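Here is the structure we will look at.
The values are calculated or read from the model by the stated rules, or taken from the named source; none is laboratory data. Small disclaimer: the values here were computed from a predicted structure and weren't measured. All Cβ positions, even for glycine, are placed from backbone atoms using ideal geometry, and neighbour counts span all protein chains on display.
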DNA sequence: GAACCTCACATAACAACGTTATTGATCGAA
DNA sequence: TTCGATCAATAACGTTGTTATGTGAGGTTC
């Protein structure tokens, strides 16, 4: 039940979250032990408990940090793109790219890779705000008349679930052939029900 | 590297897989320890090693059994349904129902919940054959003129990825409101690009 | 300025885990 | 019957998360 420590310790806390994420991304969940983490950072295992309470607390901090970075990447992927539909496509590509770059961290965020880790509802709420850029892009498409047939929230959620489904299947080894192309096709199909065809002439 | 034992041991092997699945489904990955499993069955931990080699071998057997049951449920969900489109809907509902009934087993099959478990390519191939009924139902829809615009394989894969994405998000707590209705809507949207509208008159 | 309190860290110990070595029992073949 | 092999129970080993026990530094109070 650890509350966040004094400001002076924030540096060590973020250092630990950072290094733990690096271990998780490069060597997987089995390699992420507290002794290993402590040794890498050059401390004992105790500070992890004073800062995060237990290993679950550390994982929760990694969960939040992962979503924070995903959210930042999503926002920057849509920023400054004039064509709303292009922004939507960029968001989809960014989502997959980040997931493939950090598969184990993605598992931590969207699955439950480490035994019995369960984020609290606050963390899930923060996580859900991550796809806000997707909603905004969908709204821009609606405003520009490029999409129709639903509100932005609903459209964005559907696009997200399709992207997530494809990435999840790809990481589990269930996508054969050109996964990038399959993802592209899935994006097109997921948007198809809402697409407004260009008027002839 | 354990080869399957003599036929006389098959009973114990399936008993172990069965009980392990029960523990995993009811108490999660953290509760599934070899000591606990052995105690529940009333043996020592050794038979697990002679039968499955190690814990990964047991998990691999559970993985295969999980897909075997999922495949059986999928086949029976489509069997004897006259309307091909209805069969497709039934398959979607069955998929979600099974996943929600055994969330941890579903994680084992479609994610990597237990540290560093990785099914071999044979197992993944068996797993992929699970959605064969989906391909057949899609083919029937194409033959009946209810769907168009793609081959059965591609359509089935897209429907699967959408179902999987929705179920995965729901299990991770990212679906708010009526999850069943959201799933229904996602199924409709995923099929929409291929749907043939009834001819007027 | 000195005694004290507090708090964070290192060290060491504990229970539980997967795994392996050792030992004993059981069963089929010669 | 006797020998051999095989499998399981027991116990032990190394590692994990976690907790108890010291220990030392920094701020507070008299």
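Quick one: is residue B:135 under 16 Å from the mean Cα position of the chain (by Cα), free of Cβ contacts under 8 Å to residues at least 24 places away in the same chain and facing chain A (nearest Cβ under 8 Å)? Even if it seems obvious, please write down each step before you answer.
Values: under 16 Å from the mean Cα position of the chain (by Cα): yes; free of Cβ contacts under 8 Å to residues at least 24 places away in the same chain: yes; facing chain A (nearest Cβ under 8 Å): no.
For residue B:135, the condition - under 16 Å from the mean Cα position of the chain (by Cα), free of Cβ contacts under 8 Å to residues at least 24 places away in the same chain and facing chain A (nearest Cβ under 8 Å) - is not met.
If I filter segment B:26-68 down to residues being within 15 Å of residue B:107 (Cβ to Cβ) and surrounded by fewer than 16 Cβ atoms within 10 Å (Cβ to Cβ), which single residue comes out as nearest to the other protein chains (Cβ to nearest Cβ)?
Here the answer is B:30.
Condition first: more than 30 Å from residue A:199 (Cα to Cα) and not in a helix (DSSP H, G or I). Can you find one or more residues in segment A:119-135 that meet it?
So far as segment A:119-135 goes, yes, one or more of its residues are more than 30 Å from residue A:199 (Cα to Cα) and not in a helix (DSSP H, G or I).
Identify, from the list A:15, A:35, A:22, the residue that is assigned to a helix (DSSP H, G or I) and either over 30 Å from residue A:133 (Cα atoms) or within 13 Å of DNA strand D (Cβ to nearest atom) (or both). Steps first, please.
Numbers: A:15 fails: either over 30 Å from residue A:133 (Cα atoms) or within 13 Å of DNA strand D (Cβ to nearest atom) (or both); A:22 fails: either over 30 Å from residue A:133 (Cα atoms) or within 13 Å of DNA strand D (Cβ to nearest atom) (or both).
Just a single option satisfies the conditions, and that option is A:35.
Kindly list the number of the only condition in (1) more than 16 Å from DNA strand C (Cβ to nearest atom); (2) more than 17 Å from residue B:169 (Cβ to Cβ) that fails for residue A:51.
(1)
Of all residues in segment A:168-179, count the ones that are at pLDDT 95 or above and in contact with a helix residue (DSSP H, G or I) (Cβ under 8 Å, 6 or more places away or on another chain).
Here the count works out to 1.
Criterion first (within 13 Å of chain B (Cβ to nearest Cβ), farther than 28 Å from residue B:129 by Cα and at pLDDT 85 or above) does residue A:150 satisfy it? Show your work before the answer.
Working: within 13 Å of chain B (Cβ to nearest Cβ): yes; farther than 28 Å from residue B:129 by Cα: yes; at pLDDT 85 or above: yes.
When the stated conditions are applied, residue A:150 passes them.
All but one of (1) surrounded by fewer than 14 Cβ atoms within 10 Å (Cβ to Cβ); (2) over 14 Å from the mean Cα position of the chain (by Cα); (3) in contact (Cβ under 8 Å) with a residue 24 or more places away in the chain hold for residue A:177; state the number of the condition that does not hold.
Exception for residue A:177: condition (3).
Can you name the condition, by its number, that residue B:126 falls short on among (1) away from chain A (no Cβ under 13 Å); (2) surrounded by fewer than 21 Cβ atoms within 10 Å (Cβ to Cβ); (3) within 17 Å of residue B:72 (Cβ to Cβ)?
Result: residue B:126 fails condition (1) only.
Which ones in segment B:20-48 are farther than 26 Å from residue B:98 by Cβ and away from DNA strand C (no atom under 12 Å from the Cβ)?
Within segment B:20-48, B:42, B:43 qualify.
Determine if segment A:174-182 includes at least one residue that is within 7 Å of another protein chain (Cβ to nearest Cβ) and under 24 Å from residue B:123 (Cβ atoms). Break it down stepwise before answering.
To start, the set of residues in segment A:174-182 that are within 7 Å of another protein chain (Cβ to nearest Cβ) comprises A:174.
Narrowing the set further to residues that are under 24 Å from residue B:123 (Cβ atoms) leaves A:174.
For segment A:174-182, residues within 7 Å of another protein chain (Cβ to nearest Cβ) and under 24 Å from residue B:123 (Cβ atoms): present.
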